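Data first, discussion second: the structure below is written as structure tokens.
All of the numbers you see were taken from the coordinates with simple rules; none came from a lab. Just so we're clear, the structure is a prediction, and the values are computed from it rather than from any experiment. We place every Cβ from the backbone using ideal geometry, glycine too, and count neighbours over all the protein chains shown.
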Amino acid sequence: MTRRLYRGDPLTQGEREEFEDDLIAFCDRELDLLGEIGGLDVLYAGGSSPLWIEGLSQRIGEDGTLTAIDLDEDRIAQDSLKEADLAAPVRLLAADVFSIPFSRGTFDLVYSSGLFHELDVREKGAEDALAALRSVVRPGGRVATDDFVDSEPAIQLEDEGLEAELIREAYGRDLYGIGPPERLVALHEELLACVRWRLSPPRRIRHLEKLVLAEKEPAEFSSLPDATARRLRERRESLRGRILREGYTRPATLYVEGLVEGA
Ligand SMILES: C[S@@+](CC[C@H](N)C(=O)[O-])C[C@H]1O[C@@H](n2cnc3c(N)ncnc32)[C@H](O)[C@@H]1O
């Protein structure tokens, strides 16, 4: 009989281990692009997952500090890190990158991974978010961001597009979304010096398709006007058909970093 990690988990124990191994490998590949960050005071902006925080904290070590902020208070559960193997001390805060709660020049490095495509740019643009991140870096320090880009076809791009449309219809938010690498590079070149970037190929996460297919229909569907809900349901069904046939292919990622020049 198949052993499952916990009731309702669509993955067997072996599949769950392979899934987690691939997530860790993906996270390590992206974090390694930061190079040497030992002893730095680092802000991780727009993220709170234990995997990324642990990876950052271990690379920073006990001579530095890590502060992580996320807009979503539910993701900042104080006990979320209780099993994490941390080296640098970690502070988790609920905060918005558009009104960042730190003084100018507090950090040596600000890093984000997967933040930009989820930014709500209805009132302020992605350049305002990057300017806010830059403002809390010391002169000579770095801002580095990592995000998905649409340079390679991927089913996840269609999934993220559907999610963005649902968010627009249900909450009136307008997400920056996943675009071409050039858009993010140009954004960084506007505000930072010595910009360099690296495009990395899609990285497969084994069994991710099983987890996506096991997800329930989003609760928001039931509060949308009938015609909108019908259209989004049809898109969701067609996407699920593609995932069954092709698996859950993932996008390429773009790492961009630049220097904050002296005042
Ligand atoms: C794709 S997830 C990032 C995953 C990330 N690698 C992690 O460690 O959790 C994007 C995150 O950005 C956060 N976010 C979106 N807009 C934000 C904002 N204006 N300020 C701070 N966090 C924001 C979301 O709450 C979400 O947790």
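Here are the numbers for the structure shown:
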| read-out | value |
| --- | --- |
| Theoretical gain in end-to-end length, Ala186 to Arg235 [0.36 nm per residue, Cα-Cα removed] | 14.4 nm |
| Inter-site label distance for Asp85 and Asp9 at 7 Å from Cα along Cβ, in nm | 1.9 nm |
| Virtual spin-label span in nm between Glu165 and Arg203, 7 Å along Cα→Cβ | 3.0 nm |
| Rounded Å value of the spacing that divides the Cα centres of the stretch 179-211 and the stretch 66-97 | 23 Å |
| Inter-site label distance for Glu220 and Lys124 at 7 Å from Cα along Cβ, in nm | 2.2 nm |
| Loop GluC sites (Glu not before Pro), the stretch 107-163 (other Cβ atoms within 10 Å of the site Cβ: 12 or fewer; DSSP) | Glu123 |
| Whole-angstrom gap from the stretch 31-61 to the stretch 117-172, using each part's C-alpha centre | 19 Å |
| Distance-filtered residues of the stretch 240-263 - backbone nitrogen under 16 Å, label point 7 angstrom along Arg104 Cα→Cβ | 260-263 |
